[in-house]
Amino acid sequence: MIGWLRSKFYRAAARTTAERLPDELWQTTLTSYPFLAALTPNQKTRLRDLASGFLREKEFHGADGLLVTDAMALAVAAQACLPLVFLAPAGTARAALGWYDDFVGIVLHPGEVLARREVTDEDGVVHHYREALSGEMMDGGPVMLSWSDVADAGASAVHGYNVVIHEFAHKIDLRDGEIDGCPPLPPGFLGSSSHAQARKIWMSRLHQEFSSFSDRVIAAQRFEGLVEEPWMDPYAAESPSEFFAVAVEAYFVNPARLMSDSPGLHNLVDAFFRPQRPAT
Ligand SMILES: [Zn+2]
């Protein structure tokens, strides 16, 4: 078990209900993040329903004396629910929020905590780090986020970086019980005739992209200044599951750049979140 859970879980939960979600606060949230402002009116309505439900179901805790305001909780909720706008378009908000029903607590730290890396301990708890700890999630447990990273998500979208979407992409990946870069795929995904075949297609394409990306990262490190670095965070080369999470964050905050940098990866992620589009 990790230290922050034991020592910093002390601030009373901050809850906001859908009924109390003020329009001005919602509009401010949308304009703070360009990838939210770019949604269509229908998608914004859907996101508001999802974020309202998310705030009803989750409890926010501030660590190190951080006071979690409604605006902060809503900023997290809106970004966390963005993938759900596309994942379950026909269902109710409550049904879509089932993707995240394995936990209740969200812990916000004022800033980053530790150097980024990933280890899985003997209890099966997966810890994620960047240079400093910006986010972390546990299977069936809470999500930890650095508020400074969350607040900066509008500016960092140019780099494809979004800590909230990253951690919730892991939650989506984990819905089938395994954090391996393959989320639960819908029936008939990419023309498949069975779940096993869908998974095989996904894994084949993901690993192809992962291998290509890792080669580019290694080449850029080996021939520093002579070989162009890939656009996505090189942390994605850590493992297929991190590659999936980084790809999902890039897809939602800067899809055009992901498309130009890694079209095959963009189209794979797109096939999952927008299966109604023609497969490419
Ligand atoms: Zn991660």
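Take region 230-280 and flag every residue that is at pLDDT 95 or above and within 11 Å of the ligand (Cβ to nearest atom).
ALA236, SER239, SER241, GLU242, PHE243, PHE244, ALA245, VAL246, VAL248, GLU249
When region 198-233 is examined, which residues are found to be basic (Lys, Arg) and open to solvent by less than 80 Å² (accessible area, probe 1.4 Å)?
ARG199, ARG205, ARG216
Could you give every pair whose Cβ atoms fall below 7 Å, whose first residue belongs to region 237-249 and is within 18 Å of ARG199 (Cβ to Cβ) and β-branched (Val, Ile, Thr), and whose second residue is more than 10 Å from the ligand (Cβ to nearest atom) and open to solvent by less than 10 Å² (accessible area, probe 1.4 Å), counting only separations of at least 6 or pairs across chains?
Close Cβ pairs (under 7 Å, with a partner that is more than 10 Å from the ligand (Cβ to nearest atom) and open to solvent by less than 10 Å² (accessible area, probe 1.4 Å)) amount to VAL248/PRO83; VAL248/ILE165; VAL248/VAL269.
Taking region 185-217 on its own, how many of its residues are under 21 Å from GLU167 (Cα atoms) and assigned to a loop (DSSP other than H, G, I, E, B)?
1
Keeping to region 181-203, report how many residues are in contact with a Phe, Trp or Tyr (Cβ under 7 Å, 6 or more places away or on another chain) and of a type in the set (S, T, N, Q).
0
Among the listed residues VAL227, VAL217, which satisfies the condition of being more than 22 Å from SER134 (Cα to Cα) and over 21 Å from the mean Cα position of the chain (by Cα)?
On inspection, the qualifying residue turns out to be VAL227.
Which is more than 18 Å from PHE35 (Cβ to Cβ) and aromatic (Phe, Trp, Tyr), of PHE273, PHE210?
PHE210
Only one of (1) open to solvent by less than 20 Å² (accessible area, probe 1.4 Å); (2) within 12 Å of the ligand (Cβ to nearest atom); (3) in a loop (DSSP other than H, G, I, E, B) is not met by CYS182, so which one is it?
Here CYS182 meets the rest and fails (2).
Going through ALA153, ALA198 one at a time, which residue ends up being away from the ligand (no atom under 16 Å from the Cβ) and either closer than 30 Å to ALA37 by Cβ or in contact with a Gly (Cβ under 9 Å, 6 or more places away or on another chain) (or both)?
From the options ALA153, ALA198, the qualifying one is ALA198.
Do the conditions hold for GLY264, that is, is it touching a residue at least 12 places away in the same chain (Cβ under 8 Å) and within 18 Å of GLU118 (Cβ to Cβ)?
It is false that GLY264 is touching a residue at least 12 places away in the same chain (Cβ under 8 Å) and within 18 Å of GLU118 (Cβ to Cβ).
Quick test for you: out of ASP64, ASP139, ASP102, pick the one residue that is assigned to a loop (DSSP other than H, G, I, E, B), within 13 Å of the ligand (Cβ to nearest atom) and farther than 18 Å from PRO34 by Cα. Walk me through how you get there before you give the answer.
Details: ASP64 fails: within 13 Å of the ligand (Cβ to nearest atom); ASP102 fails: within 13 Å of the ligand (Cβ to nearest atom).
Criteria check complete, one pass: ASP139.
The values are calculated or read from the model by the stated rules, or taken from the named source; none is laboratory data. Because the structure is a prediction, the values reported are computed rather than measured. Cβ atoms come from the backbone with ideal geometry, glycine included; neighbour counts cover every protein chain shown. Just so you know, the surface numbers come from the protein's heavy atoms only, side chains and all, with ligands and any DNA or RNA stripped out. Shrake-Rupley method; radii C 1.70, N 1.55, O 1.52, S 1.80 Å.
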